[in-house]
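Rule-based calculations on the coordinates, nothing more; no lab input. Here the structure is a predicted model, which is why all the values come from computation and not from measurement. Quick reminder, even Gly has a Cβ in these numbers, built from the backbone with ideal geometry, and neighbours come from all protein chains shown.
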Amino acid sequence: MTFFTTDTETIVKPTVEDGDHDRFSHYVKKDEILPSTIEGTPVKALCGKVWVPTRDPKRYPVCPTCKEIMESLSND
Ligand SMILES: [Zn+2]
């Protein structure tokens, strides 16, 4: 797995979804990633997207909505 740690306790969680054109890396809060990794529970991205990150992450472009929110948080 590949994680990108940021100053705002948020990471990028690359994900692949079958039959979904929305193939992006989404920003997800660390405190949501941990229980998901352990228990397999869904995570919620900054953009509001919810999914269970079970597949091997690959390189995808960062979700534009997540990126926008992330940048606004960084400027805070
Ligand atoms: Zn997103």
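By the equivalent-ellipsoid construction on the alpha carbon gyration tensor, the range 30-74 comes out with semi-axes of 20, 13, 9 Å, ordered largest to smallest.
Residue separation of Glu68 and Val52 scaled by 0.36 nm, minus their Cα-Cα distance, works out to 3.5 nm of gained length. Neighbour counts of other Cβ atoms within 10 Å put Tyr60, Tyr27 in the fewest-to-most order Tyr60, Tyr27.
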